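Since the structure comes first, as structure tokens, the remarks are kept for the end.
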Amino acid sequence: MTMKLHSKRACAIAALLLSGAMILTACGGGDGGGSSDEVTVTFLPKNLGNPYFDTSDKGGKAAVDEFGGKFEEVGPQEATPDGQVEYINTAAQQQVKGLVVSANDPKAICDALNQARDAGTKVVTFDSDTETDCRDAFVNQASAEGIAKVQVEMIAKAIGDKGEIAILSASANATNQNAWIKMMEEELAANHPDIKLVDTVYGDDDDQTSFDKTAALLQSHPNLKGIVSPTTVGIAAAARYLSDSDKKGKVALTGLGTPNQMREYVENGTVAEFALWNPEDLGYLAAYVAKALVDGDIKGEEGDTFKAGKLGEYTVGADGEVLLGDPFVFTKDNIGDFNF
Amino acid sequence: MNATTTTAGPTTRDYPAYGRPLWQRWLFTREAAVIALLLAVWFYALNNVAFFDGPLTITFLLQDMTPILLIALPMTLIIITGEIDLSVASVVGLSSVLVGVLHQDGWSIPAAGLAALVVGLLCGALNGFLVAYVGLPSLAVTIGTLALYRGLAVGLLGTKAVTDFPEKWTTRAKENIGDSPYPQVIIIVILLALVFAFLLHFTSFGRGVYDIGLNTEAAHFTGVNVRRTKLILFMLAGVVSALAGIYYTLRFGSSRGDNASGMELRVIAAVLLGGVSIFGGRGRLHGVIAGVLLIGVIASALRLEHYTVNVINIIIGLLLVASVMSNSVLAWLSSTTATRRNKRGPSPSVAPAGVGTEGRQ
């Protein structure tokens, strides 16, 4: 009789051992529970493993360390709104004081953000905004006008203010890219009548897709003189394609990129100049905005002023916007000074 | 030990499955082990993970797990027949896009949802037809339709998203039952779970599902309509996935072609973790539900402990490998004990479907 029971019991014992092992591995996690006075700031970028957000989070961490808070970086693997919602929910559960988010969708994460705000969390968006009623403040990296203007200036200069150009953007509903593209179109129509925007394609902020779209652009528009890519992933992929193709030097490329990704292409002449803000400063400023909101120094209303560490004094603009400053143009001469 | 076994009256039922008293047969199962593990992790997290005991935890956990819970129900039946459906997450995406596109064209949410359900049913029917009537392996068929349905979803909406859903419906998808922390949608999950549990465990259709998994030919000769059964199961998977897609869309208020991509793996992981054999013929629904919740609790606790998504995936992956391996280890254990038993006397008959680990030797 005992033998008969043996196999079943072995099954149960093995299962229990397995459970035990799992529980023990789970024990590794810390003891949790932050003290209630500490300013806890959680950074939630669009996705993890994106060098742009690695840099901005570095700035955020520097700021949080400076004012003696607790910094946390979480995020989904893919830049999707539903992936972000899980982390917003977790932040709400943890009752973090400040949540700094770059939104993957202006509306889809709104309810989750508002739920977190109801639980007492101050929400700051940076890089990519949500609708204004689901965050306390937005840190704008550069005004859309500023970015559109500098990109149009750069491409006009590169192609001699004449000819066909195309845009290689991120995803088709990326909030900021779409705003910039619209203003670039207006700027082109108003001040550069000889430049013709022939196509706008979307590389989805994916290296391979952007690479393929660049190839397709050059094929379908043989007279193309220049490409503007207002996304860091796009411009790097396009530069990689151009620098190995026979169009190198014939088709100008400019847009928004990071110095480390573009260094090679600026030095080999594929790209003459490109622009960006400093993402590290952006993260730094966002963390200080979160702190000012948590401390009650600002309410996110127009005219509120606060001090952001080394960056100095800032004033909140309309709709709770805080503007970082003018975009910065990187060229062969100054790229060596930057490392991000 | 003797006392307990005699009270069970082994004189009337002398084959192993009924050789022990009911409480032992209920307790010493894989399903019970998964439930025990779920409770253990839950209580561990409650005491050791900061904020796990907050009121939001259970709400978010159930909201996160609802699509997986839903799809795991038909998936359990499909895997018990020895087949698999990898296209479920793509059907979720397609249904989500359909709801969005149709709503944009002015359809009401119920009408758009109904259309999505019909399309889900058709998607499942195509899978089922190719598997059951054309006789192709389900792995190959559903890898194909995984790409096909996802392609349709992305093709319909491109990389755009529809987000302007009426407040009434998006709130309804997230509302709790009264003041309790339980989301309303859980009622639908419980109802469907009861339907599927009844179908699998208390009907001749359900017994046929196990028979197909154990031995398709024998099932055929004992009068099980193998083809029809498989077709129905794939259609159920399609329509339930579409339902999950509608919920997904309304919960996040976002209809996108890439919604729920990769979810099929989480569903299948949960089903296997819940004690369903990937070779078919064995598994029970309560184990699967515990498996889904176990994955949810682990992910939620790890997130609260500041682990990133990669660590969570690694741990769930290890858990899955361990659970699949434990099947083989247990099978090996029971086969060695069976050999030993053979030396002592006549071998006992093989247990009937769905009861015990030696079921598929």
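Report, to the nearest 10°, how far helix B:263-273 tilts away from the longest principal axis of the Cα atoms in chain B, using its own Cα long axis and a range of 0 to 90°. Helix B:263-273 sits at roughly 20 degrees to that axis. Label-to-label distance, B:ASP164 versus B:VAL226, with points set 7 angstrom from Cα along the beta-carbon direction: 5.3 nm. In terms of other Cβ atoms within 10 Å, B:PHE28, B:PHE205 run from fewest to most in the order B:PHE205, B:PHE28. Calculated over region B:119-212, the projected area of the Cα convex hull averaged across directions stands at 9.5 nm².
Protection proxy ranking for A:313-319, A:123-129, using the average of other Cβ atoms within 10 Å per residue and placing the highest first: A:123-129, A:313-319. Eigen-decomposition of the gyration tensor built on the alpha-carbon atoms of chain A gives equivalent ellipsoid semi-axes of 42, 28, 17 angstrom, largest listed first. The magnitude of the dipole of the protein assembly as shown, with charges of +1 and -1 set on the Cβ of Lys/Arg and Asp/Glu and taken from the Cα centre, is near 4580 debye. Using Cα-only point scatterers and the Debye equation, what is log10 of I(q)/I(0) for the protein assembly as shown at each q in 0.06 Å⁻¹, rounded to two decimals? For the protein assembly as shown at q = 0.06 Å⁻¹, log10 I(q)/I(0) is -0.42. Shown in residue order for region B:146-154 are the 3J(HN,Hα) couplings computed by the Karplus curve 6.51 cos²θ - 1.76 cosθ + 1.60 at θ = phi - 60°: 4, 5, 4, 5, 5, x, 4, 4, 5 Hz (x for Gly and Pro).
Is there a simple number for the mean count of other chain Cβ atoms within 10 Å of the Cβ of residues in A:68-76, and what is it?
Mean partner-chain Cβ count within 10 Å for A:68-76: 1.
Between region A:182-238 and region A:253-311, the C-alpha centres lie 24 angstrom from each other. Across the alpha-carbon atoms of region A:144-276, the computed radius of gyration and Dmax are 12.9, 35 angstrom. Structure remark: mean-square fluctuation, Gaussian network model of chain B, C-alpha springs under 10 Å; the largest value among B:ASP179, B:ASP211, B:ASP53 belongs to B:ASP179.
Note on chain B: Cα-only Rg and Dmax are 21.8, 74 Å. Couplings 3J(HN,Hα) of region A:229-236, computed from phi: 10, x, 8, 5, 5, x, 5, 5 Hz, in residue order, whole Hz [Karplus 6.51 cos²θ - 1.76 cosθ + 1.60, θ = phi - 60°; x for Gly and Pro].
Under a Gaussian network description of chain B, with springs only between Cα atoms under 10 Å, the residue in B:LEU265, B:LEU318, B:LEU114 that fluctuates furthest is B:LEU318. Only beta bridges with both residues in the protein assembly as shown are counted; by DSSP, about 20 percent of them are antiparallel.
The residue list A:GLY257, A:ALA174, A:SER245 was ranked by how far each Cα lies along the charge dipole of region A:144-276 toward its positive end, using unit charges on Cβ atoms, and A:SER245 comes out on top. One chain, two ends: A:ARG117 and A:LYS196. Fully extended at 0.36 nm per residue, the span grows by 23.9 nm beyond their Cα-Cα distance. The mean number of partner chain beta-carbon atoms within 10 angstrom of a residue's beta-carbon across peptide B:309-321 is 2.
A short reminder: the numbers here are calculations on the coordinates, not readings from a lab. This one's a predicted model, so the numbers in the text were calculated from it and none came from an experiment. For neighbour counting, all protein chains shown are included, and Cβ atoms are generated from backbone atoms with ideal geometry for every residue, glycine included.
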